[in-house]
Structure formats: structure tokens, C-alpha cells
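Take a look at the following structure, please.
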Amino acid sequence: MAATDATSLEAAQPALSGSTHPPAASEPSAIFTGPRRGSHPRAQASARPARVVEFRGASKLYGAGDVGLERATFVIRRQEMVFLVGPTGSGKSTIMRLLIKEIEPSEGRVRVAGRDLCEIPRQKIPFYRRNLGVVFQDFKLLPTRTVYDNIAYALQVTGASRKQIRATLPEILRLTGLSTKLHSYPHQLSGGEQQRVAIARAFASHPPLLLADEPTGNLDPETSIGIMQLLYRINRAGTTVIIASHDSGMVDRMRRRVIELRRGRIVRDEASGSYGGREESTDELGERLRREVA
Ligand code: ADP
Ligand code: MG
């Protein structure tokens, strides 16, 4: 990992506390206070809040009786990898949208790194979102930009300089297996490659929290394995990762925490999931998914 690049980028970001200027290095400000310049990220980890995400009795009603989420209560801690599972319409994307602050809870609380999202004023939302990496089922890449520019653009909007971008990009391209594709346009890539670009873009600024809503929803099983391995690797490198998925076979085998939803309600929250009620198994696919590829 390019720890120094990540450090300088995080330090350059305006804090979640909402200040519109980058905090001074000594300012004990932000919610997700990035590692200080020059220190190792692991040494700083304990200074970050343990509760990255907290839902307390959070509900979302979409107008006339459409229940998106009903009294959801859970805590996700630093460096966890958590799967949200459940059939279509069960509330997975509603949780994601609440976390992005695209929608507000009808009742209850949603906190990220200890901060109630209701307290973040509208004009500060872009600064808040710089702390999140977000990946969607349909990639959402800029079609007229190359792989390099798609990722560079994401860094640019966080205030990174060209020099920082040039220093960061090779590392993120390597991590995501895109080093040979940097000049390609999205339409020249496979679905799996496009999703890698989307993940590279989401992770480029090393956000403390990465959200992926059905990241393998449009991909074949073999390609999906590669995407899950990549998200696993990102989590192992210290990022809290939340993934919505209805692929029970794969979620099972990741052996990570599973929050299961039905019609907006949490019906299960298991530490190292066996989604579908099966016993934890040690199989080849599970081993592959959890293998750390350098
Ligand atoms: P999932 O992501 O698990 O498929 P969603 O969170 O998208 O589920 O949806 C949960 C419920 O909320 C569904 O019943 C859905 O119809 C409803 N819903 C989601 N978005 C809206 C909306 N914009 N307007 C009305 N109802 C909505
Ligand atoms: Mg959804």
C-alpha cells in the first residue's frame, strides 16, 4: 500500500466536522480523523472511532405505507466486513441510501463515526461523502473518460493535486488489476473490469468506509469471485466494508458478518454468517474468496 500517499490525501481532506477548509495537522477535528502525516496507518487505527456505523431504531417510510426500513438497530465497527442480504425490496439499498445521506430516516438515528447524519447540513454533505467510497451494481463510470481519468477525477474532487494523483494512481491500478487498461474507455472493458474501475475510483482516496450495493449483480459467477476477492483485500487492508448482496452462496462462503433483512426488518444478524441457514463449510470456493492475492 502507498501509505504515504494515502496519508497525505486523507490529511488534505476537509473533515466530517464540516469545516470547509482542510484542518491543520494538529487539529483534533474530524469524525474520521485520518492518520497524521508521517505516521503509519496501523499505529493510528486505535485513534479512529470503534463504531463506524450505528443505526438506532432507524425507520424509513417512503410515502403511502411503503416501508423501506423498520426500526433497524445495529452497530458496525472499524474494519468489519458486513454483508446485507435479503430478497429484492427488503431494504438493503435503503440502508445504503441512508448512509450516503441521500435520504433521511423517518424516525430513529443513523450515526457514522459517532456523528448523527441528521446534524450535517445540506451544504456540508459533499464533504461528508468524501469519507465514503461507494460502488453500485451498474458501475456508474464516466463513459467518455479513460480508466485513468475516471479514477483521477474522483481524486481531483477531493482536492488532491495532480502530483498526488500521479503518485497514487499506479498503486490503485495495481491493487485492482487494471495496470494494462489505464488508457481504455469503459465500453472497451468487460463488466468485471468496469466494476474494478468503479472500485478503484471508490477506494482511490482510501476512505475509511466503503459501501457496495450489489456489486456483483450484473456479473457472472467467476467474475463475481474476483470482485469479492478485491473487496476482501480492501477490507483486510483496514477499510470498513459494507456489501449488499443477494448471492447467498458467495456471502456464505466469505464467512463474515451477515445482516439479513425481510420487508425492511432485520431478521438475522450473525457474526460470521451462514446465510441460508447452512453450516459453515470449508470448500474450495470459500478458500478462493478469502485468499489474499498480493
Ligand atoms: P432492496 O435494495 O433490498 O431491494 P430497497 O431498499 O430498494 O430494497 O427497497 C425497500 C422497500 O422500499 C421496497 O418495498 C421498495 O419498494 C421501497 N422503496 C424503495 N425506494 C422507494 C421509493 N423511492 N419510493 C417508494 N418506495 C420505495
Ligand atoms: Mg437494492
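Quick one: how many Å² of Val147 are accessible to a 1.4 Å probe, rounded to 10?
Here the accessible area works out near 0 Å².
Could you tell me the accessible area of Glu287 in Å² (1.4 Å probe, neighbours in place), rounded to the nearest ten?
Accessible area, nearest 10 Å²: 80 Å².
Moving on to the next point. Take Ser90, Ser190, Ser248 and sort them by solvent-accessible surface of the protein heavy atoms, 1.4 Å probe, largest at the top.
Working: Ser90 0, Ser190 60, Ser248 35 Å².
Result of the area sort, largest leading: Ser190, Ser248, Ser90.
Subtracting the Cα-Cα distance from 0.36 nm times the residue separation, let me have the gained length for Leu61 to Asp116 in nm, one decimal.
On the way: separation 55, 0.36 × 55 = 19.80 nm, distance 1.89 nm.
Gain in length upon complete extension: 17.9 nm.
May I pose another question? Quick one: order Arg236, Arg174 from most to least accessible surface, probe 1.4 Å. Don't jump to the answer; show the numbers that get you there.
Details: Arg236 115, Arg174 150 Å².
So, going from the largest accessible area down, we get Arg174, Arg236.
Testing the spin-label approximation: label points 7 Å from Cα along Cα→Cβ at Phe74 and Arg166. State their distance in nm.
Between Phe74 and Arg166, the simple spin-label model gives 4.4 nm.
Mind checking which lysines have their Cα closer than 20 Å to the Cα of Lys92? Skip sequence neighbours fewer than 8 apart in that chain.
Lys60, Lys101, Lys140
Among 52-65, 129-142, how do they line up from the highest to the lowest mean number of other beta-carbon atoms within 10 Å? Before the final figure, lay out the partial values.
On the way: 52-65: 16.1, 129-142: 18.9.
Ranking the peptides 52-65, 129-142 by packing returns 129-142, 52-65.
The values are calculated or read from the model by the stated rules, or taken from the named source; none is laboratory data. Given the structure is predicted, the values throughout are model-derived calculations rather than measurements. We place every Cβ from the backbone using ideal geometry, glycine too, and count neighbours over all the protein chains shown. The protein model used for the area step is the full one, side chains on, heavy atoms only, and it has no ligands, DNA or RNA in it. Shrake-Rupley method; radii C 1.70, N 1.55, O 1.52, S 1.80 Å.
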